[in-house]
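K.L.:
My questions all concern the structure below.
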Amino acid sequence: MELTGAQIVVKFLEDEGVEHLWGYPGGAVLPIYDALDTTATTLKHILVRHEQAATHAADAYSRATGKPGLVLVTSGPGATNAITGIATAYMDSIPLIVITGQVPTSMIGLDAFQEVDTVGISRPIVKHNFLVRDVAELAQTLKKAFYIATTGRPGPVLIDIPKDVQNAKTDYVYPETVDIRSYNVVTKGHSGQIRKAVDLILSAERPMFYTGGGVVLGDASSQLTEFVRALGYPITQTLMGLGAFPASDAQSVGMLGMHGTYEANMAMHHCDVLIAIGARFDDRVTGNIEKFCPTAKVVHVDIDPASISKNVKVDVPIVGPVAQVLEDMLEMLRLEKRKPNQEALSNWWKQIDSWRAINCMAYQPSTKVIKPQAVIETLHRVTQGDAYVTSDVGQHQMWAAQYYPFEKPRRWINSGGLGTMGVGLPYAMGVKMALPDATVACVTGEGSIQMNIQELSTCLQYGLPVKIICLNNRFLGMVRQWQEFFYDRRYSMSYMDSLPDFVKLVESYGHVGMKVTDPAELESKMKEAFAMTDRLVFMDIQTDHTENVYPMIPAGAGQNEMILV
Amino acid sequence: MRHIISMLMENESGALSRVAGLFSARGYNIQELTVAPTEDQTVSRLTLVTEGDEQQIEQIVKHLNRLIDVVKVVDLTNGEHIERELLLIKLMATGAHREELKRLADIFRAQIVDVSATTYTVQLVGDKSKTDAFINALDASLILETVRSGALGIMRGEKRLQI
Ligand SMILES: Cc1cc2nc3c(=O)[nH]c(=O)nc-3n(C[C@H](O)[C@H](O)[C@H](O)COP(=O)(O)OP(=O)(O)OC[C@H]3O[C@@H](n4cnc5c(N)ncnc54)[C@H](O)[C@@H]3O)c2cc1C
Ligand SMILES: Cc1ncc(C[n+]2csc(CCOP(=O)(O)OP(=O)(O)O)c2C)c(N)n1
Ligand SMILES: [Mg+2]
């Protein structure tokens, strides 16, 4: 079948089973937009209002479903607007395919209209990228892009397609297979290493599981849960891992790290065997690396060898996909005669329970002013703990992570690695588009929401009735908190002046707005909002602006040096 | 410690900038770099010299392996290998210096490959210690221009880096 490059893009995406394409048109992608009109049958294109939002929405689609997210933007400013979203996905290892238009090959390098070196600009923030110079290579390149993005450690892949390549014709056959000689995906962990790990795990007296986003990305939640329960050991999860192991389980000690629980961080500090699975020893987690887990032998399971011993030296490295490695470990455990040292374990749990008893998440309730923590607890009640919660970046993000216990993976959708303000609303759109029947709540701040507020328009056009829970503290709260703690209360530029009337603003976009100031009204108003299942509701909730996120490990401190209140 | 890392990569535009970009983005230093196609036109051989402790070098090798365009990587420093560099050096050669420089070149088994009324251009092949020693043996005021290829390396014996 002879097709143009543009038609090949559309046909290939359909053959590959892509449902949603998020994008924004422009000169250098007009052939592809035309092919969408003439050729597409099942592929649905969603027109955002800013290319950054397209990348975030596609990213969230992937986080919620596990399938790759798809983006289409034009050259020059279209591509540069997409950069923040690509970097966000890259830092959290999210498979994203970004197709960018480029000026015709004959004009590349001539400073042509809307020309930027997209491949060059995006190189450090993609898993791989391609410039397609020959239409004959287009289909195979698209196939490679999907393969690279979704296998191994996932990540974004960008394909830059010059306009003349979009117009050129060639025979199209869907490429069933892909072969990249320089790219080999590990499918299994080394059995000798797994044996060593199991021996070490069974010998532990003060064991600790520390698991992360890799368990979510690798769809290994059930294997992890089975393994951890079989051993009876405590488990803490990173911000990116939340939900992979149910928060309500007694073995869960909550999140660790800078704003993790006291018990999780203390248990990390005092453990003798640390079992790290699909987590990358981020500095928000380790605190001062010199003081990190001083007495622990470390097992680390990760699909990316470069993650292992990057920040913390590992005793038993295992390179492999977490689901497969855990299955192998479970199998060894089944055949094992030795059992964990129950006496040591019960002493360890006593110790952990004493840290738990400090009740580090307690906060001062109020009947006068709305406490941000209470908003999240209310959200949890109103949604029966079963919502998809997306978040922006700031204090509200930490409170959402702390006060909304997640029972299932892929329910908590936020930007951890890059910490990108402005993701919340597009993330909610991506999830709602993927899962129309799901309850989707976007927890945001009055600062973050303004970074992609234009997407309210997209939500109206495509009927995306998400609920926006804006913790409006009139401050860039996270910045204000650091200034209070570390800069002598000099609140330089952290006050959000001249805020819009959010209720009027969302009404002008055709949605429902609610302003809540009275703690007594919070729950009933929120129920009302969630009862409007076919409307987008923006809840402008005026919260206590003096509230800080606790507990906290100050930068440079060890995990045993938390500020509690 | 100084390491010579050698790799085979796809002979594609952009492959070199991925390697160079990796080093600058992660704060590693490339001291020497050579790259050219091999007998297989689809593959280039890139050799670079970098400095780092064991853990840094391990990370560098892992990150290089992660690049999609890089097919195979070896840290030559880990095993027996041959290292060679080509030095081309232009020297002020007048009066008594002409004879003296000729003698010094002979001692180092360097060749004079170009001559003018006032200059010699000398070529020397060897490992870094040899090319360094030659440069150090020269009167610095006579050196007009120095061009060094950077190290090339290959494993000794039957071992080879292949796809
Ligand atoms: C304001 C703010 C505050 C923060 N505070 C905290 C905090 O208190 N605590 C906290 O934990 N984080 C916090 N973060 C997030 C932090 O910056 C990191 O994003 C996070 O800790 C990284 O999580 P992770 O280690 O699970 O790694 P991820 O980024 O999720 O990486 C996943 C790892 O798993 C590996 N992997 C992927 N797929 C597989 C597979 N199939 N099999 C095996 N391995 C796989 C990858 O190679 C990678 O190493 C904060 C972020 C912000 C913005
Ligand atoms: C794009 C971007 N710019 C700046 C920052 C730095 N930053 C982190 S949190 C924060 C404040 C967020 O304010 P708001 O959305 O109101 O949330 P709050 O902390 O008040 O809950 C800022 C400015 C960032 N993370 N992202
Ligand atoms: Mg705020």
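K.L.:
Any residue in region B:131-145 that is in the same structural domain as B:Arg103 (by TED's automatic domain parsing) and within 12 Å of B:Ala93 (Cβ to Cβ) sitting within a Cβ distance under 6 Å of a residue that is of a type in the set (A, V, I, L, M) and open to solvent by 30 Å² or more (accessible area, probe 1.4 Å)? List the pairs, counting only those 6 or more apart or interchain.
P.N.:
From region B:131-145, the pairs are B:Leu142/B:Met92; B:Leu144/B:Met92.
K.L.:
Quick test of your reading of the structure: A:Ala250 fulfils all but one of (1) more than 16 Å from ligand 2 (Cβ to nearest atom); (2) in a loop (DSSP other than H, G, I, E, B); (3) within 23 Å of A:Leu217 (Cα to Cα). Name the failing condition by number.
P.N.:
(3)
K.L.:
Filtering region B:16-42 down to residues that are buried (at least 19 other Cβ atoms within 10 Å of the Cβ) and facing chain A (nearest Cβ under 10 Å), which residue is farthest from B:Asp69 (Cα to Cα)?
P.N.:
Taking the candidates together, the pick is B:Leu22.
K.L.:
Among the residues in region A:457-467, are any within 16 Å of ligand 2 (Cβ to nearest atom), within 22 Å of A:Ala400 (Cβ to Cβ) and either modelled with pLDDT under 95 or open to solvent by less than 40 Å² (accessible area, probe 1.4 Å) (or both)?
P.N.:
no
K.L.:
Still on this model: Is it true that A:Gly513 is within 13 Å of ligand 3 (Cβ to nearest atom) and either away from chain B (no Cβ under 14 Å) or touching a strand residue (DSSP E or B) at 6+ places or on another chain (Cβ under 8 Å) (or both)?
P.N.:
Answer is no for this residue.
K.L.:
Which residues, counting only those in region B:128-163, are touching a Ser or Thr at 6+ places or on another chain (Cβ under 7 Å), farther than 11 Å from B:Leu87 by Cβ and open to solvent by 80 Å² or more (accessible area, probe 1.4 Å)?
P.N.:
Once the filter is applied, which keeps residues that are touching a Ser or Thr at 6+ places or on another chain (Cβ under 7 Å), farther than 11 Å from B:Leu87 by Cβ and open to solvent by 80 Å² or more (accessible area, probe 1.4 Å), region B:128-163 yields B:Leu144, B:Leu152.
K.L.:
Kindly indicate whether A:Thr439 is touching a Cys at 6+ places or on another chain (Cβ under 6 Å), of a type in the set (Ser, Thr, Tyr) and either open to solvent by less than 30 Å² (accessible area, probe 1.4 Å) or more than 13 Å from ligand 2 (Cβ to nearest atom) (or both).
P.N.:
So A:Thr439 does not fit the description; no.
K.L.:
Residues that are part of a helix (DSSP H, G or I), in contact with a Lys or Arg (Cβ under 8 Å, 6 or more places away or on another chain) and open to solvent by 10 Å² or more (accessible area, probe 1.4 Å): does region A:124-136 have at least one?
P.N.:
yes
K.L.:
Still on this structure, please answer the following. Exactly one condition in (1) touching a strand residue (DSSP E or B) at 6+ places or on another chain (Cβ under 7 Å); (2) open to solvent by 10 Å² or more (accessible area, probe 1.4 Å); (3) hydrophobic (A, V, I, L, M, F, W, C); (4) over 21 Å from B:Ser17 (Cα atoms) is false for A:Leu96; which is it?
P.N.:
Condition not satisfied by A:Leu96: (2).
K.L.:
Same structure, new question: Of these, A:Ile277, A:Ile303, which one is open to solvent by 20 Å² or more (accessible area, probe 1.4 Å) and near ligand 1 (Cβ under 8 Å from one of its atoms)?
P.N.:
A:Ile303
K.L.:
Consider A:Thr177 carefully, then state whether it is more than 14 Å from chain B (Cβ to nearest Cβ) and surrounded by 19 or more Cβ atoms within 10 Å (Cβ to Cβ).
P.N.:
No, not satisfied.
K.L.:
Restricting attention to region B:49-73, and to residues there that are of a type in the set (S, T, N, Q) and at the interface with chain A (Cβ under 10 Å from one of its Cβ atoms), which single residue is farthest from A:Val126 (Cα to Cα)?
P.N.:
Checked region B:49-73; the qualifying residue farthest from A:Val126 (Cα to Cα) is B:Gln55.
K.L.:
What number of residues in region A:468-484 are more than 10 Å from ligand 2 (Cβ to nearest atom) and open to solvent by 30 Å² or more (accessible area, probe 1.4 Å)?
P.N.:
1
K.L.:
Return the residues of region A:467-504 that are among the basic types (Lys, Arg), within 10 Å of ligand 3 (Cβ to nearest atom) and part of a helix (DSSP H, G or I); say none if nothing qualifies.
P.N.:
Matches in region A:467-504: A:Arg480 only.
K.L.:
Assuming A:Tyr403 fulfils every condition listed in (1) closer than 21 Å to A:Thr261 by Cα; (2) over 16 Å from the mean Cα position of the chain (by Cα); (3) within 16 Å of ligand 3 (Cβ to nearest atom) apart from one, which condition is it?
P.N.:
(3)
K.L.:
Moving on. Yes or no: region A:390-397 includes at least one residue that is open to solvent by less than 50 Å² (accessible area, probe 1.4 Å), more than 13 Å from ligand 2 (Cβ to nearest atom) and within 15 Å of A:Gly243 (Cα to Cα).
P.N.:
Scanning region A:390-397 turns up at least one residue that is open to solvent by less than 50 Å² (accessible area, probe 1.4 Å), more than 13 Å from ligand 2 (Cβ to nearest atom) and within 15 Å of A:Gly243 (Cα to Cα).
K.L.:
Does region A:428-442 contain any residue that is within 16 Å of ligand 1 (Cβ to nearest atom) and not in a strand (DSSP E or B)?
P.N.:
no
K.L.:
Does A:Ala57 satisfy the criteria of being under 23 Å from the mean Cα position of the chain (by Cα) and either buried (at least 24 other Cβ atoms within 10 Å of the Cβ) or touching a residue at least 12 places away in the same chain (Cβ under 8 Å) (or both)?
P.N.:
When the stated conditions are applied, A:Ala57 passes them.
The values are calculated or read from the model by the stated rules, or taken from the named source; none is laboratory data. Small disclaimer: the values here were computed from a predicted structure and weren't measured. In this analysis, Cβ positions are derived from the backbone assuming ideal geometry, glycine residues included, and neighbour counts consider all displayed protein chains. The accessibility values were calculated without ligands, DNA or RNA, using every heavy atom of the protein model including side chains. Shrake-Rupley method; radii C 1.70, N 1.55, O 1.52, S 1.80 Å.
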